[in-house]
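Asks: Structure in structure tokens, see below.
Read-outs throughout are calculated quantities, based only on the coordinates presented, and are distinct from any laboratory measurement. Please read all numbers here as calculations on a predicted model, not as lab measurements. Heads up, the Cβs are rebuilt from the backbone with ideal geometry, glycines too, and the neighbour counts pull from every protein chain shown.
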Amino acid sequence: MLRKALANFLRDFGPARLIIFAFFLFLCIAAVLLRLDLAELLTSSLVRIGMWGVLILSMLPAIVAGIGPNFGVSLGILCGLLGGLISLEAAYRLEGTFTFSGGDLFFAAVLFSLPFAVLAGMGYGWLLNRVKGSEMMIATYVGFSMVSIMKLAWLFLPFTNPEMAWPIGRGVRVQVSLANRGIAHILNNFLSFKIGEVVIPTGLLLFFAICSFLMWLFMRSKTGIAMRAAGDNPRFATAAGINVNRSRIIGTTLSTVLGAVGILVYAQSYGFIQLYEGPMFMPFVAVAAILIGGASVKKATIAHVIIGAVLFLGIQVVAVPVANAFTSDWASMGEISRKIIQNGVILYALTQTGSGE
Amino acid sequence: MPEKYVLEMKDISKEYYGTRVLKNINLAVKAGEIHGLVGENGAGKSTLMNILFGMNVIHATGGYEGSLFIEGEAVDIRTPQQAMELGIGMVHQEFMLIPNFTLTENIKLNREILKPNPVSKIFGKNMRSLNRKAMNADARKALDMLNISIEEYVKVSGLPVGYKQFAEIAREIDKDDLKLLVFDEPTAVLTETEANLLLEAIKSIADRGIAVLFITHRLHEVMEICDRITVIRDGVLIKTKNRQETNVYELAELMVGRKVEKMSRKKRSHAEREIILKVKDLFVDMPGETVNGVSFEVRKGEIFGIGGLAGQGKIGIANGIMGLYPARGEVLIRGEKLPLNDPQKSIAHKLAYVSEDRRGVGLLLDESLEMNIVITAIQNQNKFLHRFGPFSLLNKKAVRKYARQMIKDLDIRCTGPAQIVRRLSGGNQQKVCIARALSLNPEILFVSEPTRGIDVGAKSLVLETLLKLNEELDMTIIMTSSELAELRSICDRIAIITGGRLAGILQPDDSDVDFGLLMSGQKSRKGA
Amino acid sequence: MEKPIFSQRLKAFTANNVVTIMFVVLSLLGYLVSGMNPFLFLLDIVNRVSRNAFLVLSLIIPVTAGMGLNFSIVLGAMAAQAVMIFVTHWGVTGLPGILLCMVLVTPLSAILGYLTGRLFNKTKGQEMIAGLILGFFAQGVYELFFLQLVGGVIPMNNPALVMSSGVGIRTTVDLSRGLKYGLDQPGAGWNMPNLLRPTLPWTAAAVAVLGLAGYLIYCRKKGARLSKSKLALLITGSVILLSWSIYQIQSGSMINSIRIPLLTWFVILGLCLFISFFFQTKLGQDMRTVGQDREVAAVAGIQVDKIRIIAIIMSMIMASWGHIIFLQNIGTFSTYGSHEQVGLYSVAAILVGGATVDRAGIGHALLGVLLFHTLFIVSPAAGRRLFGDAQVGEYFRVFVAYGVIGVTLALHAWKRLLQAKNKRETRETAGEAEE
């Protein structure tokens, strides 16, 4: 009986996830044995979880609404970046008249990005409703195309703030610092405290927790329930009087909005807004994280988001110093392990979709 | 010397998960004979054919009992390929054709004529070139045999439906060693002229000494071309008759006949009550169940049955009225016009629906029982919600209470309201579907195939539940079912749908012959 | 069936070739705006088409087998680079080196192709996204091997290739003393005229004459009749091409210094002939069948999964050869980057040529390479002329590559949904006809 239950558990858990979990354990044990600075590892793990959390959360409404992991969340990311730049620009233009704190500017950035994200999300949802069955591939290329057309936009948008522009030439810098205006680490430092040597980035984690809680509430609202049904079984949903296409658009829009908010959280923690190639491959990290957390391309919960964030980002944080002990080129080793795990997990999830007849 | 049969099936029996679907079937077909195989849906025809073709579903479920003989030799057919090699061919109901290929390419599919070339001498016969000239000649020959004058190099995509059927047949008769050809409801999609052409073609195929097994429910076609006719019902061979010794009426009776287990209920009349539902010229575009203009009226408090064979359109009616498949025509609820093609509107007009596709449309299999029960009411009537201005939140307590009530009322066997419905048995799943329909407080309840895939014991429970709802709540019920017996046991009137149209409306105690004739597309003796 | 009138045919033609037509217009505009020297343009385009054509052709077979655009050719490119690193290390140079690369890479790509095919059989319907992600995954494995293992676990003592730390291959591999121009220019120094490197005008003249004659003989032999208008078009085309060549030769312009790598083109021509021959064989026909309808193919007794794996293996081998041709022309490659864009640019090119997810031919591939690289050459110059910034053009062409793929995929998916809908409607009318 127990053996059967164990076997069932292992099957549900899946070999890929098992390997990753084992790998994480191995890394943790290795970290202890190698006498690495555990407090520092834990600190940077917490920061990374918080900074990626909302981006990973953005996968949830997309999967639940039935469009699958949102490989095109770069669209939302771009809207967030745009909001960030507008906020910085506004601060520059209104300089002298008003003074803004970093917190004001952070929330202004979120506010500015929202209309873009909502509109883009709706258009994107409209498109995805027309390509049912091929959402993942098309989402990926919508993302790639948008990132590359925004590269042109970064060159042409009429921003005048000298912190953003190249000293010579055209357009916005590749990295725009958020330190000058006090936006950098605004969430990380909010109410942050120390337990021993471990720094707890309270504001960052709190923000992620609030977003997750709001999402949890949404999933229990009328609209959220409709979205769940539409994603789970569109034919059932239609019969239950649910507008499936509308639900999918809501899911896509929500995902895009969370992408926009998510990148701003990421940026304030990182200290820079990264433009141009920056957002290109970020969706894959978020997709892989939620899949590692136990989601499939059709099913996901908030627990998957959190477990995924802890596992995937934990590995990334611990892997580098552990690799350092074995190889001279440890920086690339961390990057290599991330590539293999991230894409291996996505591939594994794709083979589990049951489309293989 | 005993007569030589191309195919003999002796004492064939088959069980699926403990249910006996075929019992000691004996069937023999001679060379050049056209043998009709007649039976309702679920009578066991397709299972018999699956055995003949060695389909995987048979062997994956424990094989079959009995023996097969091809030209007197015992064979054990394990794969469709093997069946093909033994000279058994099948003309499918759904076309196995590639639209972008020419007729020739389709006819010679995977049997292409090849010629060697220098590359193939090194890399093997997979690299041999196609000999298109020889292939075209072969295709021409097969098409000529069917009296089809279309050029063999035409692409199939441009052909009318009827000709596609001929392309299928041409492919089969092009096989040199073809001994037995099975036609599975070949005329279902054809116009009358096309069907006549096809019947002619079948005759000429038989004249060449090929045995033909003709599966259909169109009794007049059977009477027109078959030499002998076998009737199967409920997995049992009822009778094999020579054509000369029988007639359409007898076949109809043999096909349908069964004892009607009447539930103890009196004949009721609703003639004086209001007309609650009026359907006029309803067309529904549901793949495989097209409705081509159906009109009928249902009175308040009635249990109205809709019967007929699969693929004839009976399923399409409820799906069309509920807005699940594109429909046009006129549907009046208490004289008020119902806007079609909008499920929300249908639900708002106090209609509720229990789908025939329980697992596909009827349930969210991985959600809890309670969520399955309340979701439609949440979405359409804002029940079970806390409201905070524009925001809403599920009222867990109210849901739980209602689900508990339903579990008690309908006697749903489960571990509790939070159980995942995938783990429930078929009968209990069906009750969950009914509970959801009830959560809407409907005036008219559509129920399609309520007992499909349910244990025998649970079947009568479901039917009793429906009866109870009708009697206690005065709910009008429109029940669609392939099982005539079930319709006859609880319905007040039964409409029979054939070819997407209303063949007639019968009383439950009308004779088997009448039901059989209507179902096979004949005029009833007393006229509909 | 009546012949549709001209305006309808034009409309249908436009609708079916939107992407290509847009690209022709875009390329022409770009060329005009850029104000490029025709000599520089021709020099560049001849080079780019010669080195890319083979890679793009490798996409045709999987499309025909119904597996969509094969983004996994990136793996073939990695295999090619791996082999070229070792052949460079062993010091085999020139044409023999190239041949050795091709021989060695074949079994390696076959294995990769087999594994990829297995993966695609498990992700039916999602092959393209699986191929794309597989490329990223393989990138990780490739880096693990060449960055961490070579020089360490796998000994390699070659300061020109290995990083100064002794572990890992350098980020760029220089082929200039080895495999560079091994195929383009066998056994000769750069700019040494020889028979295998005729000038562009002479080649054009030869193509004009021999091509026309060959085509006419071919039609004669096949017994196919050419319509008058088509014949007139062919002859006019040849005459124009011929007179242009003669004019160039006479004028002695710079264009006479542009040379065609004949051997490379023979290889490309060979591949084209092989592909068209292949679809006339049993295996090719099976592949077409599987591509049209897996279910029907399976019922007819074709081993669908096996055929799909073969298609990917063939594509993978072709891609690895194509990448070898590509790199020997460039003469240097970035160890950890050169393969990355192979999938993107090849797929974009074939789509520009008019291919779709389920239809691709030699014509699409060749036209696509020509158009796509025209835009590629002219857009930085056009960007500089229009905005005073070449960066604009560079960003623009990358956007176009992604955009073309996105748009074609979306159009295809949309069309498929509409078709499923239409199918239902025709069934309904068929049902009504029965009345």
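Asks: Given R₀ = 41 Å, FRET efficiency for C:GLN303-B:ASP411 by Cβ-Cβ distance, to 0.05? Display every interim value, and only then the final one.
Replies: Working: r = 51 Å, r/R0 = 1.24.
Calculated transfer efficiency: 0.20.
Asks: Can you give the Kirkwood hydrodynamic radius for segment A:110-228, in Å, rounded to one decimal and based on Cα pairs?
Replies: On the way: mean 1/r = 0.0541 Å⁻¹.
The Cα-based Kirkwood calculation yields 18.5 Å.
Asks: If you scale each eigenvalue of the Cα gyration tensor by 5 and take the root, what three semi-axes come out for segment B:21-139, rounded to whole angstrom and sorted largest first?
Replies: 35, 18, 15
Asks: For chain B, what are Rg and Dmax over the alpha carbons, in angstrom?
Replies: 26.3, 90
Asks: Please report Rg over Rh for segment A:110-171, where both radii come from the alpha carbon positions and Rh follows the Kirkwood definition. Can you show the working numbers first?
Replies: Values: Rg = 15.4 Å, Rh = 13.9 Å.
Rg/Rh for segment A:110-171 comes to 1.11.
Asks: Of B:ILE173, B:PHE391, B:VAL161, which is farthest towards the positive pole of chain B's charge dipole, taken about the Cα centre with +1 and -1 on the beta-carbons of Lys, Arg and Asp, Glu respectively?
Replies: After comparing all options, I get B:PHE391.
Asks: Show me the three semi-axes of the equivalent ellipsoid for segment C:333-410, from the C-alpha gyration tensor (sqrt of 5 times each eigenvalue), largest first, rounded to whole Å.
Replies: On the way: eigenvalues 106, 49, 27 Å².
Taking √(5λ) for each Cα gyration eigenvalue gives 23, 16, 12 Å.
Asks: Give me the net charge for the shell around B:ARG228: Cβ to Cβ below 11 angstrom, other residues only, Lys and Arg +1, Asp and Glu -1. Don't jump to the answer; show the numbers that get you there.
Replies: Working: positive: B:LYS30, B:LYS239, B:LYS241, B:ARG243; negative: B:GLU33, B:ASP227, B:GLU245.
Charge balance near B:ARG228 sits at +1.
Asks: What are the radius of gyration and Dmax of segment B:173-319, computed over its Cα atoms and given in Å?
Replies: 20.2, 67
Asks: Take every Cα-Cα pair in segment C:196-280 and report what % of them are more than 19 Å apart.
Replies: On the way: 1899 of 3570 pairs.
The proportion of pairs with Cα distances above 19 Å equals 53 percent.
Asks: Can you give the log10 of the normalised intensity I(q)/I(0) at q = 0.22, 0.23 Å⁻¹, computed with Debye over equal Cα scatterers of segment B:100-199?
Replies: Log10 I(q)/I(0), no solvent term: -1.14, -1.21.
Asks: Hey, if you drop one equal point scatterer on each alpha-carbon of chain C and run the Debye formula without solvent, what base-10 log of I(q)/I(0) do you get at q = 0.12, 0.13 Å⁻¹?
Replies: Evaluating at q = 0.12, 0.13 Å⁻¹ gives log10 I(q)/I(0) of -1.16, -1.34.
Asks: If you bin every alpha carbon distance in segment B:329-463 into 5 Å steps from zero, what whole percent lands in each bin?
Replies: Binned Cα distances yield the sequence 2, 10, 19, 21, 20, 13, 9, 5, 1, 0.
Asks: Same structure, new question: What is the magnitude of the charge dipole of segment C:1-119 about its Cα centre, with +1 placed on the Cβ of each Lys and Arg, -1 on the Cβ of each Asp and Glu, and no other charges, expressed in debye to the nearest 20? Display every interim value, and only then the final one.
Replies: Working: 6 positive and 2 negative charges, 46 e Å.
Roughly 220 debye for segment C:1-119.
Asks: With labels modelled as points extended 7 Å from the Cα through the Cβ direction, what inter-label distance (nm, one decimal) is found for B:HIS386 paired with C:ARG225?
Replies: Going by the 7 Å Cα→Cβ label model, 8.4 nm.
Asks: To continue, here is another question. In Å and on Cα atoms, what radius of gyration and Dmax does the protein assembly as shown show?
Replies: 35.3, 115
Asks: Treat each spin label as a single point 7 Å out from the Cα along the C-beta direction, and report the A:PHE156 to B:ARG268 distance in nm.
Replies: 7.2 nm
Asks: Please quote Rg/Rh for segment C:23-113 to two decimal places, taking the Kirkwood radius as Rh and restricting both calculations to Cα atoms. Walk me through the numbers before you get to the answer.
Replies: Details: Rg = 17.8 Å, Rh = 16.0 Å.
Here the Rg-to-Rh quotient is 1.11.
Asks: Separate question: Would you compute, for the Cα atoms of segment A:1-141, the largest minus smallest coordinate along each principal axis and list the three values in descending order, in whole Å?
Replies: 69, 50, 26 Å, listed from the longest principal axis down.
Asks: B:LEU37's amide H: which non-local residues (gap 5+, or another chain) put their own amide H closer than 5 Å, with H modeled 1.01 Å from N in plane and none for Pro or chain starts?
Replies: B:PHE214, B:ILE215, B:THR216, B:THR230
Asks: Would you work out the Kirkwood radius for segment B:305-397? I mean one over the mean of 1/r across all pairs of different Cα atoms, in Å. It would help to have the intermediate numbers written out before the result.
Replies: Working: mean 1/r = 0.0651 Å⁻¹.
Mean inverse Cα-Cα distance, inverted, gives 15.4 Å.
Asks: Could you compute how fast segment A:9-65 diffuses translationally, taking Rh as the Kirkwood radius over C-alpha pairs and applying Stokes-Einstein at 20 °C with viscosity 1.002 mPa s? Give it in µm² per second.
Replies: Details: Rh = 13.8 Å.
So the translational diffusion coefficient is about 155 µm²/s.
Asks: Normalised by the empirical 2.2 N^0.38 Å for globular proteins, what value does the Cα Rg of segment A:29-100 take? If you can, show how the numbers build up before the last one.
Replies: On the way: Rg = 19.3 Å, N = 72, 2.2 N^0.38 = 11.2 Å.
Relative to the rule-of-thumb radius for its length, segment A:29-100 sits at 1.73.
Asks: How crowded by other chains is C:302-308, given as the mean number of beta carbons from other chains within 10 Å of each beta carbon? Each step should come with its number before you reach the end.
Replies: Numbers: counts 2, 0, 1, 2, 0, 1, 0.
Average per residue, whole number: 1.
Asks: Okay, next question. Full extension from B:TYR17 to B:LYS4: what is 0.36 nm times the residue separation minus their Cα-Cα distance, to one decimal in nm? Could the numbers behind the result be given before it?
Replies: On the way: separation 13, 0.36 × 13 = 4.68 nm, distance 3.57 nm.
Additional length available on full extension: 1.1 nm.
Asks: Please give the length that would be gained between C:VAL239 and C:LEU28 if that part of the chain were fully extended, namely 0.36 nm times their separation in residues minus their C-alpha to C-alpha distance (nm, one decimal). Intermediate values should be presented prior to the final figure.
Replies: Numbers: separation 211, 0.36 × 211 = 75.96 nm, distance 2.28 nm.
Contour length minus the Cα-Cα distance gives 73.7 nm.
Asks: Now, a different point. Using R₀ = 51 Å, calculate the FRET efficiency as 1/(1 + (r/R₀)^6) where r is the Cβ-Cβ separation of C:SER251 and A:GLU277; round to 0.05.
Replies: Working: r = 45 Å, r/R0 = 0.89.
My answer for the efficiency is 0.65.
Asks: How big is the dipole moment of the protein assembly as shown about its Cα centre under a simple scheme where the beta carbon of each Lys and Arg is +1, that of each Asp and Glu is -1, and everything else is neutral? Debye, nearest 20, please.
Replies: Values: 131 positive and 101 negative charges, 250 e Å.
Dipole size: approximately 1200 debye.
Asks: Something else now. If you average 1/r across every pair of different Cα atoms in segment C:1-152 and take the reciprocal, what Kirkwood value do you get, in Å? Intermediate results must be reported in sequence, preceding the final value.
Replies: On the way: mean 1/r = 0.0516 Å⁻¹.
Its Kirkwood hydrodynamic radius stands at 19.4 Å.
Asks: Let me ask something else about it. Taking the Cβ of C:ALA130 as the centre, find all other residues whose Cβ is under 12 Å away and add up their charges (Lys, Arg: +1; Asp, Glu: -1). Let's see the in-between values first.
Replies: Working: positive: C:ARG118, C:LYS122, C:LYS124; negative: C:GLU127.
Neighbour charge sum, excluding C:ALA130 itself: +2.
Asks: Sticking with this one: If we count every other residue with Cβ under 13 angstrom of B:LEU277's Cβ, Lys/Arg +1 and Asp/Glu -1, where does the sum land?
Replies: Details: positive: B:ARG273, B:LYS278, B:LYS280, B:ARG299, B:LYS300, B:ARG334, B:LYS337, B:LYS350, B:ARG493; negative: B:GLU274, B:GLU297, B:GLU302, B:GLU330, B:GLU336, B:GLU443.
In short, +3.
Asks: Per residue of segment B:338-352, in order, report the coupling 6.51 cos²θ - 1.76 cosθ + 1.60 (Karplus, θ = phi - 60°) as ³J(HN,Hα) in whole Hz, putting x for Gly and Pro.
Replies: Per residue, the Karplus-derived 3J(HN,Hα) values read 9, x, 8, 6, 9, x, 4, 5, 4, 5, 5, 7, 6, 9, 9 Hz.
Asks: Run lengths n ≥ 4 of DSSP H only: what is the helix-derived mean residue ellipticity at 222 nm for chain C, with -39500 (n - 2.57) per run over all residues, to the nearest 500?
Replies: Details: 16 runs with 306 residues, N = 435.
Computed mean residue ellipticity for chain C: -24000 deg cm²/dmol.
Asks: Which value, in debye to the nearest 20, gives the size of the charge dipole of chain A about its Cα centre, when Lys and Arg are +1 and Asp and Glu are -1 at the Cβ?
Replies: Numbers: 24 positive and 14 negative charges, 221 e Å.
In total the dipole reaches around 1060 debye.
Asks: Show me the three semi-axes of the equivalent ellipsoid for segment C:236-308, from the C-alpha gyration tensor (sqrt of 5 times each eigenvalue), largest first, rounded to whole Å. Walk me through the numbers on the way to the answer.
Replies: Details: eigenvalues 427, 38, 15 Å².
Semi-axes from the Cα gyration tensor: 46, 14, 9 Å.
Asks: How much of the DSSP beta bridge set in the protein assembly as shown is antiparallel, as a percent to the nearest 5? Provide the component values of the computation, followed by the final result.
Replies: Details: 64 of 102 bridges.
Of the beta bridges lying entirely in the protein assembly as shown, close to 65 percent run antiparallel.
Asks: Related question: Test of understanding: express the Cα radius of gyration of segment C:215-356 as a ratio to 2.2 N^0.38 Å, with N the residue count. It would help to have the intermediate numbers written out before the result.
Replies: On the way: Rg = 20.9 Å, N = 142, 2.2 N^0.38 = 14.5 Å.
Expressed relative to 2.2 N^0.38 Å, the Cα Rg reads 1.44.
Asks: Answer with one residue from B:MET371, B:GLY453, B:CYS433: the one whose Cα lies farthest towards the positive end of the charge dipole of segment B:303-453, charges on Cβ with Lys, Arg +1 and Asp, Glu -1.
Replies: Farthest towards the positive end: B:MET371.
Asks: Work out the charge dipole of the protein assembly as shown with +1 on the Cβ of Lys and Arg and -1 on the Cβ of Asp and Glu about the Cα centre, then indicate which of B:CYS491, C:SER238, C:ILE317 is farthest towards its positive end.
Replies: Toward the positive end, the furthest listed residue is C:SER238.
Asks: Any idea how far apart C:PHE39 and A:ALA303 come out in nm if each label point goes 7 Å out from Cα toward Cβ?
Replies: With each label placed 7 Å out from Cα toward Cβ, I get 7.3 nm.
Asks: For chain A, take the alpha-carbon Rg, divide it by the Kirkwood Rh, and send me Rg/Rh.
Replies: On the way: Rg = 20.9 Å, Rh = 21.2 Å.
Across chain A, the Cα-based Rg/Rh ratio is 0.98.
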